[in-house]
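Each remark here refers to the structure printed beneath this line.
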Amino acid sequence: MRSNVVASRRQFLQSAAAAAAMGVLGSQHAVWAAEGDLIVRTADPFNAEPPLNALTAERLTPAKHFYVRNHGPMPNVDARGFKVRIEGMVQRPLELSLNEIRERFRQIATEATLTCAGNRRQEMSAIKPVGGVQWDAGAIGHARWQGAPLAEVLRAAGIKADAKHVWFEGLDPIKEKDGSVAPFGGSIPIEKVIKGDAECLLAYAMNDSPLTAEYGFPLRSIVPGYIGARSVKWLTKITVSDRPSPNHYLAEAYQLVQSDDKTEVARAEPIYTFPVNAAICASGGPKAGPRVIRGYALPSGEPGSTIAKVEVSRDGGKTWMSAKVVGEAKPYAWQHWTAEVNLPPGKHELVVRATDSRASTMPERAEWNFKGYLYNGWHRVQVEAT
Ligand SMILES: Nc1nc2c(c(=O)[nH]1)N[C@H]1C(S)=C(S)[C@@H](COP(=O)(O)O)O[C@H]1N2
Ligand SMILES: [Mo]
């Protein structure tokens, strides 16, 4: 079921009742109950994004305005019995409770922007319709994630010499098309964990509060620079391996393909990093004259990449001016930007494009792909000044 209405308390209570009947998330974990906090894209599984203007209010996105992306029902995990296993190509397989994760390892914080590979899919669908959750530009958020460094946990288990990938598996029971039930999962190259310039985390907190169920309570992976799908929620199993995970969400789902043809899918590479991106979140107005427009800009997820330049246009991309980028440029992190544009009465098309320090820039239009991933064409908003 797809709905574009804003989540209201009553609607949430209805889906909470449905969820309770399925033995999953109960209403005590609701963070989206307040009217207008998130726009529900699909109720079951629950997928929702904030109204765009909520994204530029604060640098750290509060949970109530942080998108939620689920492939199945959200498990309501009891932390007391919770364990995460570390196994595979390790010297000493480990089984750790939440307390052991907190106490045996350093507690660190990593700021990272999480973005769904399907962010801005509506615009890809406008070129030619694609399936999947029809996201606007709000399937993105920036948080401070707290937890244990994944590298440290893996070293405690003893990484074997030929290890090349780290697999993650969640606790959510997802129904596949063939009727079988399998958990969400994926993997990342072990290099990203061991040699990466930003720590990958086993996170138990978000913006200094414990994770709530929507965001993966009690534990999730956080992989800075990679698409959201690699940050696995309700994380219960980590497998060190010499090959990528066979899980559907690594081996088949997140790829840039032109069809669902089996041989094409088998040949394609999984998506790891996200590309440079930007969006207009607030277009000011409605009065003619000078106004301030705002948005976000995200460097590509490649190591060391930071925002170098944000440009806006008020005439559909014919002429451009520089926007003012707010705060410090950091890898794996969005920056907000503002620009003052002077609009005479009438209709206008506002446009933004960003360029990062590795000279990656946004194309006028992104190339269409079958799954609607990684749309990063110039972001356009139609306005009328009166
Ligand atoms: N276990 C599990 N982890 C998951 C998912 C999921 O459905 N199940 N969705 C992934 C996707 S596609 C994204 S974009 C992010 C979204 O994280 P959020 O819901 O905390 O914003 O979680 C990822 N981790
Ligand atoms: Mo995603």
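Numbers below:
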item: Inter-centroid distance (Cα atoms) of region 263-335 relative to region 125-176, Å; result: 22
item: Normalised contact order of region 277-385, rounded percent, pairs of Cα under 8 Å and 6 or more residues apart; result: 33
item: Nonlocal amide H pairs with K83, under 5 Å, H built at 1.01 Å; result: none
item: Sum of side-chain charges, G346 neighbourhood, beta-carbon under 12 Å (Lys, Arg +1; Asp, Glu -1); result: -1
item: For the chain, the longest site-free run once chymotrypsin sites (Phe, Trp or Tyr not before Pro) in DSSP loop states with at most 16 other Cβ atoms within 10 Å are removed; result: 1-319
item: In Hz, Karplus ³J(HN,Hα) per residue of region 161-177 (6.51, -1.76, 1.60; θ = phi - 60°; x = Gly, Pro); result: 4, 8, 5, 10, 9, 10, 8, 10, 9, x, 9, 7, x, 9, 7, 7, 4
item: Cβ-Cβ FRET estimate between R80 and S180, R0 fixed at 22 Å, reported to 0.05; result: 0.15
item: Heavy-atom accessible surface of region 277-385: percent carbon and sulfur, 1.4 Å; result: 50
item: With Cα atoms, 0 to 90° folded angle of helix 9-21 axis to the chain main axis; result: 20
item: Residues listed by number, region 298-324, amide nitrogen under 19 Å from R59 label point at 7 Å toward C-beta; result: 298-300, 304-310, 323-324
item: Prolate/oblate/rounded call for region 277-385, Cα gyration tensor, a/c under 1.5 rounded; result: oblate
item: Extended-chain gain in nm, criterion 0.36 nm per residue less alpha-carbon gap, E152 and N342; result: 63.2 nm
item: Entries of K262/K309; K287/K318; K64/K371; K83/K175; K83/K371; K64/K160 with Cα pairs more than 30 Å apart; result: K262/K309; K83/K371; K64/K160
item: Carbon/sulfur fraction of accessible area - region 3-267, other protein chains in place, 1.4 Å, %; result: 51
item: Mean separation of Cα contacts under 8 Å, 6 or more apart, over the residue count of the chain: relative contact order %; result: 15
item: Cα→Cβ-extended label distance, 7 Å offset, between E364 and A268, nm; result: 2.6
item: Per-residue HN-Hα couplings for region 189-206 [Karplus 6.51, -1.76, 1.60; θ = phi - 60°; Hz; x = Gly/Pro]; result: x, 5, 3, 4, 7, 7, 10, x, 7, 10, 6, 7, 10, 9, 8, 10, 9, 9
item: Derived scalar couplings ³J(HN,Hα) [region 231-239; Karplus, 6.51 cos²θ - 1.76 cosθ + 1.60; whole Hz; x for Gly, Pro]; result: 9, 7, 8, 6, 5, 10, 9, 10, 10
item: Built amide H within the under 5 Å cut-off of L235, gap 5+; result: L219, R220, S221
item: Residues with amide H under 5 Å from that of K330, placed H, sequence gap 5 or more; result: I307
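The values are calculated or read from the model by the stated rules, or taken from the named source; none is laboratory data. Keep in mind that this is a model prediction, so the values were computed, not measured. As a convention, Cβ positions derive from the backbone with ideal geometry for all residues, glycine included, and neighbour counts pool all protein chains shown. We work out accessible area using only protein heavy atoms, side chains counted, and drop any ligands, DNA or RNA first. Shrake-Rupley method; radii C 1.70, N 1.55, O 1.52, S 1.80 Å.
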